[in-house]
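See structure below.
The values are calculated or read from the model by the stated rules, or taken from the named source; none is laboratory data. Quantities reported herein were computed from a predicted structural model and do not represent experimental measurements. Cβ placement follows ideal geometry from the backbone for every residue including glycine, while neighbour counts extend to all protein chains displayed. Ligands, DNA and RNA are stripped out before the accessible areas are found, and what is left, the full protein with its side chains, is counted by its heavy atoms. Shrake-Rupley method; radii C 1.70, N 1.55, O 1.52, S 1.80 Å.
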Amino acid sequence: MKPFSQCLVLWTLATIAFGSVTLAQFPTEVATDPAEAGLVYTDVHNFLTAIDIIAGGQDPVEVMQKYYLSRATGAFRDQIDSRQITPEAMAEFVQSEPGIGDKIRQALVELVLREDEIRDALAKLQSVIPGAVFLPNHYMVADQGFWMGEPSGAGIKIVMSKNEFDYSRISRLIFHENVHVQQVVAVGIEEYHKIYGPKKSLLALSLREGVPTFLTRHVLGARPEDEQLDYFRANEEVLWRQFDREKLAAETGDWMWTQPSKEGQPRDMGYLLGAAIVESFYENAENKGAAMQALLDIADPEAFLEQSGYRDKFVRSEG
């Protein structure tokens with residue numbers, strides 16, 4: 001997940017503590033009961049309407065603007081603004097993917113079938129973070145070539161595109177993004193944003209993403225087949241030593257959000273390195289409840305790294 005967009009001015013979270021959340025401080029759709037967490041398909045239905053009209057012979061650019069982009073929910077409007085999605089780009093996208101309508105219709109079937117699984121995952125999140133709250137999850141279609149999740153002030157954006165997606169992962173994706181929501185609750189939006197600006201570092205960003213990466217695996221269990229995790233475990237010490245040299249850099253390089261230059265290395269090793277540090281911190285903590293709260297409010301990434309004891313395992317390997 002990349003930074004929250006500026007529509008988060010809707011939120012007034014700076015003084016919120018768990019156990020004292022009031023709905024007046026959130027968008028109206030926020031749920032305190034995971035069974036009531038919103039799963040919103042409005043933008044997908046609008047996309048399919050546009051596809052059908054285009055198939056009838058109307059101008060794709062005009063149709064995409066009139067029937068899709070102009071009818072966007074607040075969450076999709078955030079995506080349009082932050083990623084500069086245009087009717088021309090969407091028209092080109094649907095014309096280059098002649099089977100996209102059928103693919104998205106099948107996606108809707110798969111997603112509806114997994115609604116109970118998603119809410120069960122959110123209930124498990126609330127069991128480890130008492131008082132957790134949940135934003136509505138908005139599904140949408142965009143011209144980017146991948147599936148992604150990202151929170152915004154209007155809700156969590158689940159962006160579908162042309163790439164294939166393993167639907168067994170959807171509850172994990174939504175769980176991950178809702179952990180970010182709890183991080184905002186814990187620190188306040190202004191502080192949350194600082195690691196994308198004046199406090200930016202590879203270490204800070206890796207820990208930000210490492211927390212939900214660790215908690216997803218800790219709470220929901222590891223995926224049966226996970227090539228990314230297998231690669232990390234096989235190369236952990238080499239990755240750590242390189243990361244240790246680069247951890248204070250402001251740029252994320254090959255660690256996050258891009259395809260690494262090293263052949264055979266999966267994306268986003270920064271997520272897994274951050275998760276390994278977070279796991280070490282949590283496992284070494286005597287008070288697990290206090291440790292869980294500390295994971296959501298990592299004010300000093302370098303101090304957190306030292307307190308985690310993660311570095312020690314490699315010091316011992318040198319001896």
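Observations on the structure shown:
- Options Arg114, Arg71, Arg169: the member that is under 20 Å from Ala37 (Cα atoms) and more than 16 Å from the chain's Cα centre (by Cα): Arg114
- Residue check, Phe146 aromatic (Phe, Trp, Tyr) and free of Cβ contacts under 8 Å to residues at least 24 places away in the same chain: yes
- Given (1) open to solvent by 50 Å² or more (accessible area, probe 1.4 Å); (2) at pLDDT 95 or above, number of the condition Pro98 does not satisfy: (2)
- Of the residues in region 176-188, at least one is under 14 Å from the mean Cα position of the chain (by Cα), of a type in the set (D, E, K, R) and assigned to a helix (DSSP H, G or I).
- Of all the residues in region 29-72, those that are open to solvent by 20 Å² or more (accessible area, probe 1.4 Å) and touching a strand residue (DSSP E or B) at 6+ places or on another chain (Cβ under 6 Å) number 3.
- Screening Ile156 with (1) closer than 29 Å to Ala250 by Cβ; (2) open to solvent by 20 Å² or more (accessible area, probe 1.4 Å); (3) touching a residue at least 24 places away in the same chain (Cβ under 8 Å) gives one miss only, at (2).
- Of the candidates Leu273, Leu207, Leu203, the single residue that is among the aliphatic types (A, V, I, L, M), more than 24 Å from Leu125 (Cα to Cα) and touching a residue at least 12 places away in the same chain (Cβ under 8 Å) is Leu203.
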